[in-house]
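Below you'll find the structure, written out as C-alpha cells, and then a few comments.
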Amino acid sequence: MSFNPHAVMTVTTWVFNFFFSACIGPLSWAYPAEIFSTRTRAKSTAVTSSSSWISNFFIAQVTPIAFKHIGWKYYLVFAICGHSNALFIWAFFPETTGRRLEEMDALFENAPIFVPGTSYARVGDRHAGERELLGGNFAPGDLSAKDSHDPEKASINHQEL
C-alpha cells in the first residue's frame, strides 16, 4: 500500500470541516446574538459579523500564498487555531444555556475572568429561568435565583419586585 498525499488531504479536510461545522463554526454566529442586550444587540452582531467576513476574506487572500511557500504545513495553522479557540472558549466564556437575555449584562459583569470550576461554567437547571418568567418571579437585570451565589439575597430581590 503506497502513501497517497491527495487522499490524506481530502480525508483530513472533510474531517476538519465536519468538526468545524458541528462545533465552533456556528458558535461564532450564535453566541454574539445570544449575549448582547436588546439595546446593543444590532450593533454588536453587526460588528461580529463584519469581523467574521473580514477574517474569511483575509484567509482567502493568504491561503494561495501560504500553500505556495509552506505547502501542507499551512493546515497546521487551522489545527492550532481550532484547538486554541476551543481552549479559549472553555476558559473564558460563561455558560449561557437556559439564561434569559435580560441576565446577560449581570452574568458578564459578575463572572470571573477564568470560568472553569466556578458556578458560571455550568447551569444547574436550564429551565429555571423559564419557570421564573411563567411564575411571575422575573427580576430584570438580575441573575435568576438558580444562579445566585446567595440564595437568600436572590429570593429577597425577586420578592421586592
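The values are calculated or read from the model by the stated rules, or taken from the named source; none is laboratory data. Note that this is a predicted model, so its numbers are computed, not measured. Every residue, glycine among them, receives a Cβ derived from its backbone with ideal geometry; neighbour counts consider all protein chains shown. Accessible surface areas use protein heavy atoms only, side chains included; no ligands, DNA or RNA. Shrake-Rupley method; radii C 1.70, N 1.55, O 1.52, S 1.80 Å.
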Restrict the check to segment 107-123 and report whether at least one residue is of a type in the set (Phe, Trp, Tyr) and either loosely packed, with under 13 Cβ neighbours inside 10 Å or modelled with pLDDT under 55 (or both). yes
Does THR10 satisfy being under 23 Å from PHE93 (Cβ atoms) and of a type in the set (S, T, N, Q)? no
When restricted to ALA42, ALA7, the only residue open to solvent by less than 70 Å² (accessible area, probe 1.4 Å), without any contact (Cβ under 8 Å) to a residue 24 or more places away in the chain and either in a helix (DSSP H, G or I) or of a type outside the set (Gly, Ala, Ser) (or both) is ALA7
Does LEU133 satisfy the condition of being more than 21 Å from the chain's Cα centre (by Cα), among the aliphatic types (A, V, I, L, M) and at pLDDT below 85? yes
Which one of ALA79, ALA154 is surrounded by fewer than 16 Cβ atoms within 10 Å (Cβ to Cβ), modelled with pLDDT under 90 and not in a loop (DSSP other than H, G, I, E, B)? ALA79
Does PHE3 fit the bill of being more than 14 Å from the chain's Cα centre (by Cα), among the hydrophobic types (A, V, I, L, M, F, W, C) and either modelled with pLDDT under 85 or under 30 Å from GLY129 (Cα atoms) (or both)? yes
May I ask you to say which residue of TRP90, TRP72 is out of contact with any Ser or Thr (no Cβ under 7 Å at 6 or more places or on another chain), under 30 Å from ASN110 (Cβ atoms), assigned to a helix (DSSP H, G or I) and touching a residue at least 12 places away in the same chain (Cβ under 8 Å)? TRP90
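Matching residues to (1) of a type outside the set (Ser, Thr, Tyr); (2) not in a helix (DSSP H, G or I):
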{"position": "SER28", "(1), (2)": "no, no"}
{"position": "THR38", "(1), (2)": "no, yes"}
{"position": "THR48", "(1), (2)": "no, no"}
{"position": "ILE54", "(1), (2)": "yes, no"}
{"position": "LYS68", "(1), (2)": "yes, no"}
Taking the conditions exactly as written (closer than 25 Å to ALA22 by Cβ, buried (at least 16 other Cβ atoms within 10 Å of the Cβ) and at pLDDT 85 or above), does PHE93 satisfy them or not? yes
Within segment 96-106, can you find the residues that are under 15 Å from THR38 (Cβ atoms) and open to solvent by 30 Å² or more (accessible area, probe 1.4 Å)? LEU101, GLU102, ASP105
